[in-house]
Amino acid sequence: MNKDLIINSSPDGVEIALLEDKKLVEIHNEKIDARFAVGDLYLGKVKKIIPGLNAAFVDVGFEKDAFLHYTDLSPYVKSIIKFTHDAMNNQNNQFDFSKFESAPEIVKTGKISEVLNGKPNILVQILKEPIAAKGPRLTCEISLAGRFVVLTPFNEIVAVSKKIHSSEERKRLQKMMESIRPKNFGVIVRTAAEGKTTAELHEDLLTLETNWKNIQSNLKGAVPPTRIMNEESKTTSILRDLLSEDFNKIVVNDKSIYDITLSYLQRIAPHKSNIISLHTGDVGIFDQYGITKQVKSSFGKTINLNSGAYLIIEHTEALHVVDVNSGFKSVSNNQEENALQTNLEAAEEIARQLRLRDIGGIIVIDFIDMKLPEHKKKVQEALEGFMKTDRARHSILPISKFGLLQATRQRIRPEVNINTSEDCPACSGTGKITATLLLEDEMEKKLAYLATHGHKKLTLLVHPIIHSHLTKGFFTSIIKRWRKKYKLKLQSQASNTSHLVEYKFLDEQMEEIKL
């Protein structure tokens with residue numbers, strides 16, 4: 001599978017498109033003034049404790065207080081509170097985290113009022129971005145993600161990704177991490193670490209340890225609410241999480257982003273630094289790589305499939321519903337076979353749509369009815385297979401007796417929603433156009449203006465229906481009357497590209513006259 005990353009910079013922010021085999025699978029929009037991104041660290045102030053929810057509301061500077069549930073506190077939350085206090089009040093730069101003495105862990109079934117009594121200042125991490133009317137969701141399970149490892153302060157646990165299937169490789173990585181892990185830090189070994197050397201993993205660890213020292217430094221003298229550390233840009237975070245041998249092209253249209261991305265590539269994967277290039281053509285970068293067209297065809301209520309089948313995607317406050325329709329084509333005369341083939345095609349597109357739109361929460365898919373249990377299982381397994389490349393956690397249930405498949409997908413950011421409709425150029429989106437009687441008067445007024453300003457030869461470019469109306473009658477046509485009245489050479493010309501009430505006046509050189 002070939003992967004391309006196309007990065008479009010504009011005055012409003014940065015748009016990042018991820019293509020797999022030239023097909024758009026992810027699109028990210030990073031605004032210049034973006035705040036409260038997943039992974040950002042904030043110094044927050046506990047404002048309100050709600051015992052009934054076993055949760056607290058924390059002020060991190062958003063217009064609505066952020067939500068922190070007991071289950072997101074981390075067993076080491078008392079150590080985090082202690083660390084936050086010590087780092088804020090540190091009067092010198094000799095704070096050695098390796099000598100930090102951890103506080104006792106909290107129990108899983110405790111009460112938040114007992115842990116956060118006194119409403120302390122606390123270091124928190126954004127778990128979910130603000131969505132709709134909700135503020136950010138927080139966690140105290142602090143983690144710093146690198147290329148090969150994730151550093152987790154306040155614990156001593158080493159874990160290896162379950163996606164590394166070789167037991168020998170898992171043992172090697174476990175043993176290696178135990179030997180190089182810094183004190184008071186736990187480590188999660190990522191899938192990308194498979195086959196890497198001790199030197200490569202140690203370098204990644206040192207970078208993350210330096211980030212933690214910067215966090216300590218930023219906490220010194222800080223006053224809540226304030227951001228202590230922001231997550232890397234979406235460009236570098238995507239490269240960090242996805243960069244593999246499959247990547248064969250990164251194209252950027254901004255020199256500064258190009259330099260940052262190239263520098264990052266040279267640091268994490270020097271052998272891949274030649275895949276990045278700077279786009280300098282007159283054609284827009286998204287148009288050049290067919291992304292604009294894919295966006296237009298991939299968002300909206302109805303999604304057409306190659307076979308003639310189509311999907312209807314509806315969103316409610318509680319869930320998303322996907323309806324699969326067979327359309328007008330059929331693979332064979334066998335209805336069951338038609339249903340199976342259409343559902344398999346739909347499963348691939350549904351997996352892409354969930355990832356592309358970043359749809360989260362509960363998803364209900366109404367596949368075309370199938371009678372055979374093995375066909376239902378085949379469709380379910382196909383959807384699971386297509387969603388393997390999805391980074392968001394998800395769960396899929398078997399197709400029910402009603403023909404519905406239920407799934408959940410992790411929601412950490414607002415859904416990507418792009419409006420693909422455009423205002424009608426004839427009515428400007430109002431649904432109403434100028435009355436034909438008034439249109440004739442409007443054209444004549446502009447014609448009179450041009451005649452009084454020295455124009456002697458004009459061409460009126462109009463829709464074919466309007467052209468027919470203006471030239472009807474050889475001796476009595478409207479065009480002939482206007483010629484006589486304003487004493488100029490005037491002709492009407494039909495244009496198939498003009499909208500019904502659109503018209504243009506052209507001069508002797510056949511150039512449009514702007515009025």
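Please state which one of ARG355, ARG391 is assigned to a helix (DSSP H, G or I), among the basic types (Lys, Arg) and more than 16 Å from TYR310 (Cβ to Cβ).
After ruling out the rest, the residue left standing is ARG355.
Checking GLY186 against (1) touching a residue at least 40 places away in the same chain (Cβ under 8 Å); (2) touching an Asp or Glu at 6+ places or on another chain (Cβ under 8 Å); (3) open to solvent by less than 40 Å² (accessible area, probe 1.4 Å), only one condition comes out false. Which one?
Exception for GLY186: condition (1).
Looking at the range 329-379, which of its residues are open to solvent by 10 Å² or more (accessible area, probe 1.4 Å), within 15 Å of ASP390 (Cβ to Cβ) and in contact with a strand residue (DSSP E or B) (Cβ under 7 Å, 6 or more places away or on another chain)?
Of everything in the range 329-379, those that are open to solvent by 10 Å² or more (accessible area, probe 1.4 Å), within 15 Å of ASP390 (Cβ to Cβ) and in contact with a strand residue (DSSP E or B) (Cβ under 7 Å, 6 or more places away or on another chain) turn out to be GLU349, ARG352, ARG355, GLY361.
Pairs only if they're at least six apart or on different chains, beta carbon under 9 angstrom, first in the range 150-169 and over 30 Å from LYS99 (Cα atoms) and open to solvent by less than 20 Å² (accessible area, probe 1.4 Å), second assigned to a strand (DSSP E or B) and not small (Gly, Ala, Ser); list them, first residue then second.
ILE164/VAL189
Has the range 403-410 got any residue that is more than 30 Å from ARG35 (Cβ to Cβ) and modelled with pLDDT under 90?
yes
Check the range 201-220 and report whether any residue there is open to solvent by less than 30 Å² (accessible area, probe 1.4 Å) and under 21 Å from GLU20 (Cβ atoms). Lay out the reasoning, then the answer.
Taking the range 201-220 and keeping what is open to solvent by less than 30 Å² (accessible area, probe 1.4 Å), we get 201, 204-205, 208, 212, 215-216, 219.
Subsequent filtering for residues that are under 21 Å from GLU20 (Cβ atoms) retains none.
No: zero hits.
Of the residues that make up the range 295-308, is at least one within 15 Å of VAL25 (Cα to Cα), among the hydroxyl-bearing types (Ser, Thr, Tyr) and surrounded by fewer than 18 Cβ atoms within 10 Å (Cβ to Cβ)?
yes
Being in contact with a Gly (Cβ under 9 Å, 6 or more places away or on another chain), closer than 30 Å to ILE7 by Cα and not in a strand (DSSP E or B) is the filter here; which residues of the range 22-60 pass it?
Within the range 22-60, LYS22, ILE32, ASP33, ALA34, ARG35, PHE36 qualify.
Could you say which residue among GLU30, GLU20, GLU26 is open to solvent by less than 80 Å² (accessible area, probe 1.4 Å), at pLDDT below 85 and acidic (Asp, Glu)?
GLU30 is the lone residue from the list that is open to solvent by less than 80 Å² (accessible area, probe 1.4 Å), at pLDDT below 85 and acidic (Asp, Glu).
Looking only at residues in the range 221-262 that are among the acidic types (Asp, Glu) and either over 17 Å from ASN8 (Cβ atoms) or over 22 Å from the mean Cα position of the chain (by Cα) (or both), which one is most open to solvent (accessible area, probe 1.4 Å)?
Looking at residues that are among the acidic types (Asp, Glu) and either over 17 Å from ASN8 (Cβ atoms) or over 22 Å from the mean Cα position of the chain (by Cα) (or both), I get GLU245.
State whether one or more residues within the range 90-104 are open to solvent by 30 Å² or more (accessible area, probe 1.4 Å) and closer than 19 Å to LEU138 by Cβ.
Within the range 90-104, none of the residues are open to solvent by 30 Å² or more (accessible area, probe 1.4 Å) and closer than 19 Å to LEU138 by Cβ.
Could you check the range 1-21 and list, in sequence order, the residues that are part of a strand (DSSP E or B) and over 16 Å from VAL252 (Cβ atoms)?
GLU20
The values are calculated or read from the model by the stated rules, or taken from the named source; none is laboratory data. This structure is a prediction, so every number in the text was calculated from the model and none was measured. Note that we place each Cβ from the backbone using ideal geometry, even for glycine, and neighbour counts take in every protein chain shown. In case anyone asks, the SASA skips ligands and DNA or RNA and just uses the protein heavy atoms, side chains included. Shrake-Rupley method; radii C 1.70, N 1.55, O 1.52, S 1.80 Å.
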